[in-house]
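Asker: For reference, the structure I am asking about is given below.
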Amino acid sequence: MKISEFNSKHNFIAGLLAAILCEIIFGFSFFFTRRTVTSVHPSDLLSWRFVLASLIFSVGALTRLIHIDYRGKKVLPLFGIGLLFPGLCFLLETTGTKLTTASETGIIISTSSVMTLFLSLLILHSKPSKYQCFGIACAFLGTACCAVAKGLELSFSPLGYLLLFCGITCYSFYSVLSARLDPRLSAVERTYCIVSIAAVIYTSIALTRHISDGTLSQYLSLPFRDRNFLISVLYLGGCSSVFALFLCNFSIARIGAIRFSSFIGIETVTSIFAGVLILHESFPLMEALGAALVIAGVYLTNRRPELFPHGDK
């Protein structure tokens, strides 16, 4: 095996492992988001979440634990992508989650892999293989089965459905357009930029709302008077917004948007097993079938990498 082939295979495997770990972390995020948005406004949670994430990166850069240097690199397109994800995406999804049921949220979010496949074909002219098409279809069907198995409760909230759909559209655009970013931008630099953009957006929204309502002190004291909120912010800001988003950028750069999108169902599988192991929930046959379809879909989408050694090309 040539050195270039070895490096290509090594990068591909690293990208797959990063995608798996990223979606596992995101899978646990639903627990913390759902239990918090019922009592706290979404903008408050998102503001504190991304302020913490931005602070972690800033401290890391100042102490030279991480290297961040944007000099001579094309950063402007990254700002545009950051407005989509996590800028608009998280606000739309968090608000949509509050207006819809868990099963509806799971089904709608699972369509993001199909959306990414379509946008990759439309924007990047990346023609997927038959394995990728079939694999993404399996993963989507598996995620839908898992959502229905939980009990298909309908909220009949057109606004909630629209917000969730717009959210996954923003995420899909982000995944696809990331392939066009300056390759000199590292995963750390990409992640630091987008979480800082999100921190500015959501903090501006939260401060405007609280100043208008005369409740600024409530916003500033939230993490100190609400233990559940603090725990959620620490996980969502520290683990999910820093580590998982870094893994997301790292993985997309190495395996491409189409392959990465196939792992979205892992979020659902993770939340299911977490519910069984932590909350002692039941594990019906339909959920087991759905989980198997998700895993099969991930395998089919990412098999035979020698046919596509450079991401989705």
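Taken together, the values in this text are just the output of simple stated rules run on the coordinates, not laboratory data. This is a predicted model, so every value here is computed, not measured. A quick note on method: Cβ atoms are made from the backbone with ideal geometry, for glycine too, and the neighbour counts reach across all protein chains shown.
Asker: Report the per residue volume, in Å³, of the convex hull enclosing the C-alpha atoms of the stretch 25-77.
Answerer: Working: hull volume 6.7 nm³, N = 53.
In the stretch 25-77, the Cα convex hull volume per residue is 127 Å³.
Asker: When only alpha-carbon atoms are used, what values of Rg and Dmax, in angstrom, describe the stretch 75-157?
Answerer: Over the stretch 75-157's Cα set, Rg and Dmax evaluate to 15.3, 45 Å.
Asker: One quarter of the convex hull surface, Cα atoms only: what value does that give for the chain in nm²?
Answerer: Numbers: hull surface 69.3 nm².
With every direction weighted equally, the projected area is 17.3 nm².
Asker: On to the next question. Given Cα positions, please report Rg to Rh for the stretch 218-261, the hydrodynamic radius being the Kirkwood one.
Answerer: With Rg and the Kirkwood Rh in hand, the quotient comes to 1.25.
Asker: If packing is taken as the average number of other Cβ atoms within 10 Å across a peptide's residues, how do 10-22, 42-54 rank, most packed first?
Answerer: Values: 10-22: 18.5, 42-54: 24.8.
Ranking the peptides 10-22, 42-54 by packing returns 42-54, 10-22.
Asker: Then there's this: Which three lengths, in whole Å and largest first, does the stretch 146-263 cover when its Cα atoms are put on their principal axes?
Answerer: Reported extents, whole Å, longest axis first: 46, 41, 25.
Asker: Principal axes first, then extents: for the Cα atoms of the stretch 1-111, list largest minus smallest coordinate on each axis, whole Å, largest first.
Answerer: Principal axes ranked by extent give 53, 35, 25 Å for the Cα atoms.
Asker: What percent of all Cα-Cα pairs in the stretch 59-118 falls into each 5 Å bin, going from 0 up to the bin containing the maximum distance?
Answerer: 4, 13, 14, 16, 17, 11, 11, 10, 5, 0
Asker: Moving to a separate point now. Kyte-Doolittle mean at least -1.0 and Cα extent at least 20 Å along the axis: which DSSP H helices of the chain qualify?
Answerer: Details: long enough: 3-37 (50 Å, 0.88); 42-62 (30 Å, 1.29); 130-149 (28 Å, 1.34); 158-177 (28 Å, 1.48); 187-213 (39 Å, 0.83); 285-302 (26 Å, 1.52).
Qualifying helices: 3-37, 42-62, 130-149, 158-177, 187-213, 285-302.
Asker: Could I ask something else about it? Using the 4.7 Å Cβ rule, please list in number order the cysteines from the chain without any candidate partner.
Answerer: Among the cysteines of the chain, those whose Cβ sits 4.7 Å or more from every other are Cys22, Cys133, Cys138, Cys145, Cys146, Cys166, Cys193, Cys239, Cys248.
Asker: Next question. May I ask for the net charge around Val37, where only other residues with Cβ less than 12 Å from the Cβ of Val37 are counted and Lys, Arg are +1 while Asp, Glu are -1?
Answerer: Working: positive: Arg34, Arg35, Arg49, Lys98; negative: Asp44, Glu93.
Counting the neighbours of Val37, the net charge comes to +2.
Asker: What net charge is computed for the residues neighbouring Phe57, neighbours being all others with C-beta under 15 Å from the C-beta of Phe57, Lys and Arg scored +1, Asp and Glu -1?
Answerer: +1
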